[in-house]
Amino acid sequence: MENNNKKSFHFDYLLEPKSCPRPRVTKTSHSYMPKDYVVWKRQFIQETALLLAEYEDFKTIDYPVTIGITFVFPRPQRMKHREIPSERLFHASKPDVDNCIKAVLDGLVDAQCLTDDHLVVSVTGTKYYCSKIDDDTYEYSHISVSIFEC
């Protein structure tokens with residue numbers, strides 16, 4: 001029998017998607033993450049905290065979940081010609097979708113949305129270039145995250 005009282009959450013971030021890079025290592029063998037990633041992750045965590053505040057009595061997720069993530073990247077100049085379709089197009093180039101997913105999952109854990117990313121039993125990530133709204137206007141790049149209780 002299916003339980004219809006399962007929890008679900010949806011978050012939209014007005015952030016350009018970013019992939020989780022490999023840690024860098026100094027000459028003295030100390031590791032660190034690149035500054036642009038640290039800044040992005042801090043902003044992701046702050047936005048997550050604001051989005052979680054919209055859910056009354058939210059408690060950190062400590063049960064199995066499935067997650068769907070949509071990454072919408074800005075269109076490069078080469079894709080802004082009239083003959084290219086105006087709807088969202090698949091983004092089949094770098095960064096890799098698995099590294100983008102890792103950045104989001106790490107951010108959700110650090111924002112205390114999830115106790116640990118090992119609770120994610122299934123994850124789907126899709127990358128797109130933004131759609132064209134009119135001749136000079138494009139959809140904003142963003143990230144959409146949907147979390148569903150198993």
Each residue of the range 52-62 in order: what ³J(HN,Hα) in whole Hz does its phi give by Karplus 6.51 cos²θ - 1.76 cosθ + 1.60, θ = phi - 60°, with x for Gly and Pro?
5, 5, 6, 9, 5, 6, 5, 10, 3, 5, 10
Packing rank of 107-114, 56-63, 89-96, 11-18, where each peptide gets the mean count of other beta carbons within 10 Å, highest leading:
107-114, 11-18, 89-96, 56-63
Could you work out the local net charge near Y63, counting Lys and Arg as +1, Asp and Glu as -1, over the other residues with Cβ closer than 11 Å to its Cβ?
+1
Scan around Y138 for amide H atoms under 5 Å from its own, H built in the peptide plane at 1.01 Å from N, and keep only partners 5 or more places away or cross-chain.
I133
Leaving out same-chain residues fewer than 8 places away, which lysines sit with a Cα under 23 Å from that of K27?
K35
List the aspartates and glutamates whose alpha-carbon lies under 20 Å from that of K6, not counting same-chain residues fewer than 8 positions away?
E54, E56, D57, D62, D116, D117, E149
If amide hydrogens are placed 1.01 Å from N in the peptide plane, which non-local residues have theirs closer than 5 Å to the one on V123?
I67
Note, Q112: beta-carbon cut-off 13 Å, +1 each Lys/Arg, -1 each Asp/Glu, net -4
Taking 0.36 nm per intervening residue step and subtracting the Cα-Cα distance, what contour gain separates T26 from Y55 on full extension?
6.3 nm
State which entries of K80/K102; K7/K102; K41/K102; K7/K127 exceed 19 angstrom in Cα-Cα distance in the structure shown.
K80/K102; K7/K102; K7/K127
Selection from I101, V121, S19, by position along the positive dipole direction of the chain (Cβ):
S19
Got the relative contact order for the range 8-149 handy, in percent, Cα pairs under 8 Å and 6 or more residues apart?
44
Tell me, what HN-Hα J-couplings in whole Hz come from the Karplus equation 6.51 cos²θ - 1.76 cosθ + 1.60 at θ = phi - 60° for each residue of the range 75-89, using x for Gly and Pro?
6, x, 3, 5, 9, 9, 7, 4, 6, 7, x, 8, 6, 4, 10
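What value, in deg cm²/dmol to 500, does the helix sum -39500 (n - 2.57) over DSSP H runs of n ≥ 4 give at 222 nm once divided by the residues of the chain?
Working: 2 runs with 33 residues, N = 150.
Here the helix-only value at 222 nm equals -7500 deg cm²/dmol.
Over the residues of the chain, compute the C-alpha Rg and express it relative to 2.2 N^0.38 Å.
On the way: Rg = 17.3 Å, N = 150, 2.2 N^0.38 = 14.8 Å.
That ratio works out to 1.17.
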Counting Lys and Arg as +1 and Asp and Glu as -1, what is the net charge of the other residues whose Cβ lies under 15 Å from the Cβ of P17?
-1
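Read-outs: derived from the displayed coordinates by stated rules, not from any lab. The structure presented is a predicted model; accordingly, all values stated were derived computationally and were not measured. Reconstructed Cβ throughout: ideal geometry from the backbone, glycine too, with neighbour counts over all protein chains shown.
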